[in-house]
1. Ranking request for peptides 119-125, 82-88: highest mean number of other beta-carbon atoms within 10 Å first, then the rest in descending order.
2. Taking 0.36 nm per residue of separation and subtracting the Cα-Cα distance, what length does fully extending A169 through A105 add?
3. Please calculate how many Å² of accessible area the range 125-174 carries per residue, with a 1.4 Å probe and no DNA, RNA or ligand atoms counted.
4. So, R0 is 41 Å and r is the distance between the beta-carbons of A145 and M124; what FRET efficiency does that work out to, to 0.05?
5. From largest accessible area down, sort S81, S90; use a 1.4 Å probe on the protein chains.
6. Hey, rough spin-label estimate for A96 and S61, points 7 angstrom out along Cα→Cβ, what's it come to in nanometres?
7. What nm value, rounded to one decimal, do you get for the distance between I186 and V89 when each label is placed 7 Å out toward the C-beta?
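The values are calculated or read from the model by the stated rules, or taken from the named source; none is laboratory data. Just so we're clear, the structure is a prediction, and the values are computed from it rather than from any experiment. Here the Cβ positions follow ideal geometry from the backbone for every residue, glycine too, while neighbour counts run over all protein chains shown. Quick note on the areas: whole protein, heavy atoms, side chains included, nothing else; ligands and nucleic acids left out. Shrake-Rupley method; radii C 1.70, N 1.55, O 1.52, S 1.80 Å.
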Amino acid sequence: MDTTKTPAPNAAEADTTPADLEKAETPQPAEADSAVTDEVTDTDLDDEAFADDQAEDGEPSQVGSAAFAIVAAGLGVVALSGSWVAGIVSERASVAARLELTQAADANAQIAAQFVDPWHTTAMVNGIFSALALIIATFVLALPAFSSPERTLPTWVRSVSWAGIGLGALGVLLFVLMYFDLLLAIPKAAGAGA
């Protein structure tokens, strides 16, 4: 007779199949993975801190250059289209010239008082705006040459600066043509000396 006892199918000792052994070992690798994850997280945090430090020490923000480029282009547009400053100064010049007229002033003197002086004053104010636009835009484009060689302006900032230079140069040209009466001749009264 055989006296060895076979384990019952529900006994705990009978559950030693290879699938059960794999399940029993699963928590151990999970603990090892968490240790690796902790190390990776610490390394990642160190890399992020290093990247933040490098960003602070790296290329500066281009906000100032962008603002000056926009201001230069805006001044160029204002110089070409006219501004309320030019209108006010022109009206003031017109009033001042009329006050200086006498009752016996001839027609050419009246034309100069009502037309030429305000025209030249408007040209002067617009010329100042154009010159400022030209100077500021040139400064923005030249700024990287005086700083670190790796520093470059974004493409749109350079484009707006070049637009400011173009508008400023056109405004200065129109100032010269207006102020020296090369654009339009001063009207003369016929027979004013008679």
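1. Ranking, from highest mean packing down: 119-125, 82-88.
2. 19.2 nm
3. Working: 2700 Å² over 50 residues.
Accessible area per residue: 54 Å².
4. Details: r = 32 Å, r/R0 = 0.78.
For R0 = 41 Å, the calculated efficiency reads 0.80.
5. On the way: S81 90, S90 20 Å².
Order by accessible area, largest first: S81, S90.
6. For the pair A96/S61, the computed spacing is 4.3 nm.
7. Rounded to a tenth, the inter-label distance reads 1.9 nm.
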